[in-house]
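A.B. asks: Handing you this structure, nothing more for now.
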Amino acid sequence: MKLFTPQFTRSSLAKLLTTLFVAMPLLPAAAQSPTAAEGTTSLHDLLEMEKQATDIWKAFFPNLDIARKAAISFHANLLESDYEGGFLVLQLDAREMERLRRFGFRFEPATEFIERRNRALTQFQIEAARRASSGGARAEPTAIPGYACYETVEETFAAADGLIAARPTLGSWVNAGPSWLKTQNPASGYDLKVLKLTNSAVPAPAEGKPKLFVNSAIHAREYTTAPLVLEFARWLVNGHGTNADATWILDHHEVHLLLHANPDGRKRAETGLSWRKNVNNAYCANTNTRGVDLNRNFSHSWNTTSGQGSSGTQCNLTYRGPFAASEPETRAIEGYIRSLWPDRRGPNPSDAAPADTSGIHLDIHSFSQLVLWPWGDTATPAPNGAALQTLGRRFAFFNGYSPTQSIGLYPTDGTSDNPSYGELGVAAYTFELGTSFFQSCSVYENDIKPKNLPALVYAAKVVRTPYITPGGPDVLTPSLGGTASTTGVAAGTVVQLAASATDTRFNNSNGAEATQAIAAAEATIGTPPWAPGAVPVPLQAVDGSFNANTEALSGGLNTAGLPVGQHIVYVRARDASGTWGPVSAVFLNINAAPPLVVAEVEPNNSPAQAQVLGTLPVVVNGSTLKVARELRSDPDFFGFSLAPGRTLTATVTPGGPAIGVTLTLISATGAVLAQSSAANGQPHSLNWTHTGSTAVNLSVRTSAAVRAGTGAYSLELTD
Ligand SMILES: [Zn+2]
């Protein structure tokens, strides 16, 4: 597990450094004068400072459990993990080393790590000098050098802009507030922009749509986090209309994505610096450890652990700031969280939020392969601890990480779950993705992304009632028989549904979750099962009885009366404890019914003789046009009935260039309601809307005008 594995090329590095001249005047270029806010230290010197940090240790742990707890408590110090090799690489001062020794750690200088790091930093410096002397062209970078899979801050926003532009009814930006740099100079820094995703064409119920809030990259160097959340946005937006689950999630929920919670710091990390905090230059000015650890600066439990869970030293990586929510980024996130959800938790630490509390807050970090939930400042379980644990074990089923309460060897305070869970009672989690800050693209693409995307999708599926639904079974691979999900079927077709339900999908690596037998399953068409008007269709166990943790399901869906178009079939299952699990969905496509084709039958020369047609739509003579006998003197009458509110369309297609056919719509009393004709050989139509309240009997008269010999036509009637 290697943290510092620089993969940049000379040319990609050149692109990066070019940008630094433009966006961050850190280099001593003649035309640039550094601003006080951005700092007075050159990039060369910042990189040199990073080399001077030699208080880095191979910390050999006594056992894996202690190692994982240390990874929680000493996350800010962690530089590399090698669980199989039995050690973590940590940057530690004497006091921190003593705190780890108490748990059986022993230390060796991390010589190899330091040498490897310094070689990489020297390459950055050489390239910076080369660029400075050549006064090279200035351009935005196309990626982080060596890490093309991770979007820069600008690329992240551009990608989200693209999603909004492609599907404006699904996405919009909400500005949560400015970054620290922007508070110093409106022309610099960033807004903390939240990508809000929901189908605005589907109105919200009175209580509002359930809300999932995800923030990422609050710690700048954690490369994988914002790209993963951006990928989740792509899955939702691009999937709406083509993936049934993405469709119902966005139709009936809001997903709020703060992709860059610390954009100023992230720009520093994009240069190769191991940047964690924001860039507030009032603290530990002009160094690589300036600023405040935003994830120790939140209000609810700020500085509540007597200095164990955060630092009061400005240059420390867990510096908590001078007072609660001192930083603009923290205030923006807290304010946004409070705007999303009501407060449903009482004032005492032991007050549980009600079981039906809606909403989930996910704070995406790297690294350590953990799924964490409150509390982090005490070993006492949170009052909603059992339910938080159940959902945590569901998340960890997907990503394979260790699910645990976020208390490590020592407490942490002022963390991001304080406004969401601590204040409001909303289910809050921290994911620690992967195995390093500057994770290689191959690990990100092949492991982190495919394993964590389903966890984010699951969060959206259960966000309506996250303290209840995760206890219920999952429905897997729902499918419809025949062409029902592809080219479609006519309304009235009975469609066979197949799926499976299972209550077993928990990560039991840290205590086993109780599971139950599947007890029931149901499907609804068009209306989700929680909404008024849903008509559930019970599904059956394929083996004849519901009595196992996993059951194959089947059922027949009656599609009579469904309008033409795409419908969502919602499927869910209930376990023996009575808990319904989340929905999985599949599309059902209803086609227009194919018209009945009939042949003209004589005699039909008067209204009294009118040939009675069946239910519309109907085609007279079909693709084989009527031939030979149809003369000017032989009008044809066709009778049918039209329901109230329907519009009749009658289209005639002459059988040759010399043939013209007049259409006349006649009421039961002989009144002419509509008429249509066109030049010989040209198809034409008449339309007539029945505004009455009861079905009406009508007839259509065709009258063929023929220049030579015979008349022929095809007539199509639809409503
Ligand atoms: Zn972090």
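The values are calculated or read from the model by the stated rules, or taken from the named source; none is laboratory data. The structure presented is a predicted model; accordingly, all values stated were derived computationally and were not measured. In this analysis, Cβ positions are derived from the backbone assuming ideal geometry, glycine residues included, and neighbour counts consider all displayed protein chains.
Condition check ((1) under 17 Å from residue 164 (Cβ atoms); (2) within 15 Å of the ligand (Cβ to nearest atom); (3) not assigned by TED's automatic domain parsing to the domain that holds residue 451) across all residues:
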site: 240; (1), (2), (3): yes, no, no
site: 245; (1), (2), (3): no, no, no
site: 251; (1), (2), (3): no, no, no
site: 265; (1), (2), (3): no, yes, no
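A.B. asks: Something else: More than 18 Å from residue 338 (Cα to Cα), touching a residue at least 12 places away in the same chain (Cβ under 8 Å), of a type in the set (Val, Ile, Thr) and buried (at least 24 other Cβ atoms within 10 Å of the Cβ): is that true of residue 198 in this structure?
C.D. replies: No: the conditions fail for residue 198.
A.B. asks: Does residue 419 count as modelled with pLDDT of 95 or more, under 21 Å from residue 505 (Cβ atoms) and away from the ligand (no atom under 15 Å from the Cβ)?
C.D. replies: It is false that residue 419 is modelled with pLDDT of 95 or more, under 21 Å from residue 505 (Cβ atoms) and away from the ligand (no atom under 15 Å from the Cβ).
A.B. asks: Can you name the residue in the stretch 280-289 that is modelled with pLDDT of 95 or more and in contact with a strand residue (DSSP E or B) (Cβ under 9 Å, 6 or more places away or on another chain) and, of all such residues, is farthest from residue 329 (Cα to Cα)?
C.D. replies: 284
A.B. asks: In the stretch 34-76, how many are at negative phi, assigned to a loop (DSSP other than H, G, I, E, B) and modelled with pLDDT under 85?
C.D. replies: Result for the stretch 34-76: 8.
For every residue, the table says whether it meets (1) in a loop (DSSP other than H, G, I, E, B); (2) within 16 Å of the ligand (Cβ to nearest atom); (3) among the acidic types (Asp, Glu); (4) surrounded by 24 or more Cβ atoms within 10 Å (Cβ to Cβ).
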{"site": "429", "(1), (2), (3), (4)": "no, yes, no, yes"}
{"site": "443", "(1), (2), (3), (4)": "no, no, no, no"}
{"site": "446", "(1), (2), (3), (4)": "no, no, no, no"}
{"site": "449", "(1), (2), (3), (4)": "no, no, no, no"}
{"site": "453", "(1), (2), (3), (4)": "no, no, no, no"}
{"site": "456", "(1), (2), (3), (4)": "no, no, no, yes"}
{"site": "466", "(1), (2), (3), (4)": "yes, no, no, yes"}
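A.B. asks: Only one of these is modelled with pLDDT of 95 or more, of a type outside the set (S, T, N, Q) and either more than 31 Å from the chain's Cα centre (by Cα) or not in a helix (DSSP H, G or I) (or both): 335, 307, 321. Name it.
C.D. replies: The conditions single out 321.
A.B. asks: Might you let me know whether the stretch 397-410 holds any residue that is farther than 15 Å from residue 301 by Cβ, of a type in the set (Val, Ile, Thr), in a strand (DSSP E or B) and in contact with a Phe, Trp or Tyr (Cβ under 7 Å, 6 or more places away or on another chain)?
C.D. replies: no
A.B. asks: Can you tell me which residue among 583, 571, 564 is modelled with pLDDT under 95 and of a type in the set (Val, Ile, Thr)?
C.D. replies: 564
A.B. asks: Can you tell me which residues in the stretch 332-379 are within 16 Å of the ligand (Cβ to nearest atom), of a type in the set (Phe, Trp, Tyr) and farther than 16 Å from residue 301 by Cα?
C.D. replies: If the condition is that a residue be within 16 Å of the ligand (Cβ to nearest atom), of a type in the set (Phe, Trp, Tyr) and farther than 16 Å from residue 301 by Cα, then 367 is the only one that fits.
A.B. asks: Could you tell me how many of the residues in the stretch 535-545 are touching a residue at least 12 places away in the same chain (Cβ under 8 Å), in a loop (DSSP other than H, G, I, E, B) and either over 29 Å from residue 358 (Cβ atoms) or among the aliphatic types (A, V, I, L, M) (or both)?
C.D. replies: Within the stretch 535-545, residues that are touching a residue at least 12 places away in the same chain (Cβ under 8 Å), in a loop (DSSP other than H, G, I, E, B) and either over 29 Å from residue 358 (Cβ atoms) or among the aliphatic types (A, V, I, L, M) (or both) number 2.
A.B. asks: Which of the following residues is farther than 21 Å from residue 477 by Cβ, surrounded by 18 or more Cβ atoms within 10 Å (Cβ to Cβ) and not aromatic (Phe, Trp, Tyr): 596, 557, 562, 588?
C.D. replies: Of 596, 557, 562, 588, the one residue that is farther than 21 Å from residue 477 by Cβ, surrounded by 18 or more Cβ atoms within 10 Å (Cβ to Cβ) and not aromatic (Phe, Trp, Tyr) is 562.
A.B. asks: Looking only at the stretch 196-234, filter to residues that are part of a loop (DSSP other than H, G, I, E, B) and charged (D, E, K, R); which one of those is nearest to the ligand (Cβ to nearest atom)?
C.D. replies: The selected residue is 222.
A.B. asks: May I pose another question? When the stretch 43-81 is examined, which residues are found to be within 16 Å of the ligand (Cβ to nearest atom) and of a type in the set (Gly, Ala, Ser)?
C.D. replies: Residues satisfying the conditions are 70, 71, 73, 76, 81.
A.B. asks: Something else about it: Considering only residues of the stretch 165-191 that are within 16 Å of residue 254 (Cβ to Cβ) and buried (at least 19 other Cβ atoms within 10 Å of the Cβ), which is farthest from the chain's Cα centre (by Cα)?
C.D. replies: Ranking the qualifying residues of the stretch 165-191, first place goes to 176.
A.B. asks: How many of the residues making up the stretch 289-301 are surrounded by 22 or more Cβ atoms within 10 Å (Cβ to Cβ) and in a loop (DSSP other than H, G, I, E, B)?
C.D. replies: 7
A.B. asks: Please name all residue pairs, on different chains or six or more residues apart, with Cβ atoms under 6 Å, provided the first residue is in the stretch 490-513 and is basic (Lys, Arg) and the second residue is assigned to a strand (DSSP E or B).
C.D. replies: 505/474
A.B. asks: Looking at (1) closer than 30 Å to residue 566 by Cα; (2) buried (at least 16 other Cβ atoms within 10 Å of the Cβ), which is the one condition that is false for residue 516?
C.D. replies: (1)
A.B. asks: While we're on this one: Among the numbered criteria (1) surrounded by 15 or more Cβ atoms within 10 Å (Cβ to Cβ); (2) away from the ligand (no atom under 16 Å from the Cβ); (3) not in a loop (DSSP other than H, G, I, E, B), which one does residue 103 miss?
C.D. replies: That leaves (3) as the condition not met.
A.B. asks: Just to check your reading of the model, which residue among 259, 273 is surrounded by fewer than 21 Cβ atoms within 10 Å (Cβ to Cβ) and within 16 Å of the ligand (Cβ to nearest atom)?
C.D. replies: When all the criteria are applied, what remains is 273.
A.B. asks: Still on this structure: Restricting to the stretch 352-365, and then to whatever is in a strand (DSSP E or B) and out of contact with any His (no Cβ under 8 Å at 6 or more places or on another chain), can you tell me which residue is farthest from residue 83 (Cα to Cα)?
C.D. replies: This residue is 360.
A.B. asks: Go through the stretch 636-652 and give me each residue that's farther than 18 Å from residue 670 by Cβ and not hydrophobic (A, V, I, L, M, F, W, C).
C.D. replies: Within the stretch 636-652, 644, 645, 646, 647, 649, 651 qualify.
A.B. asks: Of the residues 617, 654, 635, which is surrounded by 15 or more Cβ atoms within 10 Å (Cβ to Cβ), within 30 Å of residue 242 (Cα to Cα) and not assigned by TED's automatic domain parsing to the domain that holds residue 514?
C.D. replies: 617
A.B. asks: Check the stretch 468-483 and report whether any residue there is within 22 Å of the chain's Cα centre (by Cα) and at pLDDT below 95.
C.D. replies: Taking every residue of the stretch 468-483 in turn, none turns out to be within 22 Å of the chain's Cα centre (by Cα) and at pLDDT below 95.
A.B. asks: Could you grab the pairs with beta carbons closer than 7 Å, sequence gap of 6+ or different chains, first residue in the stretch 105-120 and among the charged types (D, E, K, R), second one outside any helix (DSSP H, G or I)?
C.D. replies: Cβ pairs passing all conditions: 106/60; 108/57; 108/58; 116/4; 117/4.
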